[in-house]
1. Average partner chain C-beta neighbours within 10 Å, per residue of C:50-60?
2. Report the percentage of all Cα-Cα pairs in chain C whose separation exceeds 28 Å, rounded to a whole percent.
3. Which shape class applies to the range B:58-121: rounded if a/c is under 1.5, otherwise prolate when a/b exceeds b/c and oblate if not, where a ≥ b ≥ c are the square roots of the Cα gyration tensor eigenvalues?
4. Under 5 Å between amide H atoms, partner at least 5 residues away or on a different chain: which partners does C:Val282 have, H built in plane at 1.01 Å?
5. Taking neighbour Cβ counts within 10 Å as the exposure measure, how do A:Asp198, C:Asp234, B:Asp12 sort from fewest upward?
6. Measure out, as a whole number of angstrom, how far apart the alpha-carbon centroids of the range B:65-136 and the range A:217-239 sit.
7. For A:Leu81, project a label point 7 Å along Cα to C-beta. Then give me every residue of the range B:192-219 with its amide nitrogen under 16 Å of that point.
8. Using a cut-off of under 19 Å, list every residue of the range A:262-293 whose amide N is near the label point 7 Å from the Cα of A:Lys122 along the Cα-to-beta-carbon line.
Amino acid sequence: MGAGFHRPAALGTLIARALGLLYGAVMGLPERPMRAAQARMRGGRLGWLFVAPNLLVFGVFTFLPIVIDFWYALTGGAQLLPQDRPYVGAENFRSLLACANYLDPTSCERDLFWYGVWNTLKFVAIQVTLMIVFSLLTALVLNRRIVGRGFYRAAFFYPVLLSPVVVALIWKWILQRNGILNATIQGAGGNGVNWLVDADWAFFWSIFVSIWAHMGFYTLILLAGLQAIPADIYEAAEMDAASPWRRFRRLTLPLLTPSLVVVFILGMIRAVQIFDEVYVLTGGGPGTATVYLVQFIYQTGFAAGVRQYGLAAAGSLLLAAALLLFTLLQLRGLKRGAP
Amino acid sequence: MLAARRGRSGWDWTDWASHFYLLLGVALMFGPVLWLFVSSVKTQAALDTFPPTFLPWEQKQATLPGHAGALPVFQIMAGDRAGQSLVQIRRIGLEAQLASPDDPAKIARVPISQLRPELRLHASWSNYTDLLRKFDFGLYFLNSVFITVVATVLTLLVNSMAAFALSKYRFKGREPVFLVMLATLTIPPTIVLVPNYLIASALGLTNSLWGVIFPAVATPTGVFMLRQYMLTLPDEILEAARMDNASEWRIYWRIVLPLSAPALAVLAIFSVMWRWNDFLWPMVVLSRSDVFTLPIALFSFQGDLQTQWQYLLAMTACTLLPVTLIFVFLQRYVTQGVASVGVK
Amino acid sequence: MPKRDRLVALAAGFVCVACPALAADIRIACYSDGNECPSQKEMSAQFMKENPDVNVIIDEVPYSAILQSLPVQLAAGNGPDIGRITAFGTLEPYFLDMSPYLKDAAYWNKEFGKQLAWLRNGAQDQGIYGLPTQTTVTAAIVNKSLFEQANVPLPGPGASWDDWAAAVDKVAKATKLPYGMAWDRSGHRFAGPAISYGAKFFKPDGTPDVIDDGFKTMAGKFLAWAKDGTIDKDVWVSSSGGGYRDAFSEFQNGQIVLYYSGSWQLRRLIDQIGDGFDWAVVGNPCGPAACTGMPGGASFVAFKETKNPEAVARYLDWFAQPQRYAELMSRTGNIPAHEGLRADGTVKYDLSPAGTAAMQGFVAAAAKLSPAAYRLEGYKYNFQIFNPTAARLSEAIAGQITLDQAFARIAQDVADALATAAKK
């Protein structure tokens, strides 16, 4: 699509033309029924027709499952089919929330859930902050007139395309006890560390790897935001001889706020949902140092021999509710802040 | 711009710092993947050597008359045979029996502490060929390609239709629909896995490639991205077309879609990446090997009791390669596209 | 099954033999630890030649699909006809009793009886639900070269875990290795030594009672060894939950002196260590109560939903015959679950001398397994004991909780899982 197909080669033009014909033939098909529908539906109501396919798929594969999840959350036992499960009321929620001291997971009925809660909060706070800092820094550097900018931009984006499992395996291979990182450190005269077995290091690497895998995406969003800032604003500032730092704080940052908010919300949603990468990388260990909420849900409801779907569903509903609430607050804040 | 090069004085320190930072970044982004590729052609023995070598070294092997099979070659480091390179026949405790191919009858007994394996450079492609020989690579590749292509086309169609309506029509319920779609972003896919399977099963979609395709074609990210982009298209173009008595459908596919090409390209690339990398959902919904996708087939070598890194690395490289190739050829459009669509 | 139903089933079988045009499809979900599925496939071709009315399709799937997807598929009625599985208890409601279709159920009970019991629901249940594909046994494997280098004699038969721990510690110190031994991260591995030190796992009435003095003793030793570096704690600490992790690569690299794993490692020991160093299977060290490890083994299990129960039974019965079963064992390098074949040594393995010795070591270890070990392995919810054991002991080793907290949590996890499973 777009500029990609402007090749001088005759074959390229032919293929492009053929694709164009195909596109026309296929997309022309619904012309008649749609025209008939248009004749009947006045005003914007035709819009419903356009959203219908999307809503249908959403309804069947996203909303219906959530409804089923609600039923799971209110029922107990290990039966999978919803109709076989006995109703237990709020028991699953009670069990998840039963805690003598919320700060000490060992005092909770479901200690793993609370390890997950605290680890996730810690992870989100640190990961999102660092992610924004590094993405912003990279975007600022990439926004300079620099030789090879396109290449650099692509390089930072590359890991975004890799699947979480692949990302985790790549880093696991580097960080294992006999991995290349330890070899390098020992070669330089230092002492190797068993990176994924030390609680603090494992936590560090779970953050590092997730930033490595995702920062390219956020960098590009911020870069686009930076490039949308008109150059003459800066020129005016330069004439006022404002220091670079001052210009950054007074001009760049405020003008970049909308992009930053998008990065913040998307980054936070993804950070709260962190699972695959870390699960393959550390398995949640050492001990429970990198057990995050989605892993708790996955293990209780899906990977255990006796599956506690009720607990898993209750946990996921709590998680989704928290995320939703937070996102709405953010959006409201954004709306209020916007001119 | 912030600290843009001033031009006059040539390179100042901020340029040096920027380049240093970017080069470091490039090394950090590509290095690990490169290391994976290099490691994936090492033999199991080479993988277990510590410290690892960068290139795939392997112990040299030779045949010895009177002995079956290939035997390892050692260099002798000390004693009266120092400097010789001999073939090891067998090792008994701390002592090895070696001989030279020229004189296989004369057996030398050397303490193993005086031996060093003789190495040669050798890419062990057998990690790949072993893997590929074990299954019908073509079939799984085609399954993956089919899912990726069809799901991407449908994703583009379904999401752009929704985005068109949400950006260009005013109808009751538009805002709620949009918000509800966005809200689904907050649902981690893992938690609807089981109910989704029950639904797919009720619809007869299990063990069918469509079972992977259909649930994937409505993405909140896609709708959001396309809607934001379409909002920037001026309504006047649409009005002009309506004057010419074009139907709404025609306006959608003849005018709005071509104008949204950059955003569609980005969504296409994301969709390709998502579907190609998908693992958990296909594994649940597909249980027959004739409909397996490449990642599932590759991971079918993961047994209960062991992890074999030499195969795991080759498998990882196999799944990574197509995405990397696409990226190499299309990176300009990808990154420009994301940048242009990212925030509007 | 009442007699009349049996007759009907048999008749149906005959009808189908009479009309080969109606080929019955049998789908098998199979996972491999080594070459189990390819071998099964090759031999199935022969079966299909002899039984043209049956079409066998083997789907090779990742083990995680067996563990995670198969139960969901079965519950939704989309399961395969046969599955190779290890954790039997939770899938038990879906099993098909093949005995009405078998020509000689007595033969099955005589030769495979011990492992068939694992598939049953209690002592009264006499059903035949599947064909065991192998017997595995946990055992210790040692690096003899390291013992020689350190000039430490191998502890003799009858030596206790304490003797071995002291010996490998001495070897590790002399050869400057960080750790003496490593155990696979698995509650199943831990159970053998625990039983040797007196753990019973059950009350006399058969209900599970995991935390007793024997269990506590072994857990205490394990923790102490992890703390003082006798045991490589990284293997256990490096994951959370009940997740499995082996320590083969550490052993292969000569980094540990004693490796506590099991017979399924035989192929790798032979292929990947070769004669890199001398290694030997030393069986299971002793405790005051026994010198036992844990038995184990996957089975091809028949599922109730199948449309062709007769063909499924015929297929598995074909493989259960001594000659073919022996061939399968020799191809896969597994210990037969077939008592007769195991006793008379009919199965010919193409192994190196070290490999042959190791195979004998594993078979000898299998002969010494205690009844308590069999009872635990046959318990329906044994994984609900193994997984919390691995999870909670790891947390204790990592220093997150005390040993007493770990005991309390294990007991609670087991009770919780049983309560969930019991809720109907």
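Values quoted throughout were computed directly from the atomic coordinates according to the rules given, and no laboratory measurement underlies them. Note that the structure is predicted; figures quoted are calculated from it, not measured. Quick reminder, even Gly has a Cβ in these numbers, built from the backbone with ideal geometry, and neighbours come from all protein chains shown.
1. Details: counts 0, 0, 0, 0, 0, 0, 0, 3, 1, 9, 8.
Average neighbour count from other chains, rounded to a whole number: 2.
2. Details: 44913 of 89676 pairs.
Taking all Cα-Cα pairs of chain C, the fraction more than 28 Å apart is 50 percent.
3. Working: a/c = 1.45, a/b = 1.14, b/c = 1.27.
Rounded, because the longest to shortest axis ratio a/c is under 1.5.
4. For C:Val282, whose amide H was placed from the backbone, the distant partners under 5 Å are C:Ala140, C:Ile141, C:Val142.
5. Numbers: A:Asp198 18, C:Asp234 23, B:Asp12 12.
In increasing order of surrounding Cβ atoms, one gets B:Asp12, A:Asp198, C:Asp234.
6. The range B:65-136 and the range A:217-239 have Cα centres spaced 63 Å from each other.
7. Those under the cut-off are B:195, B:197-204.
8. A:271-293
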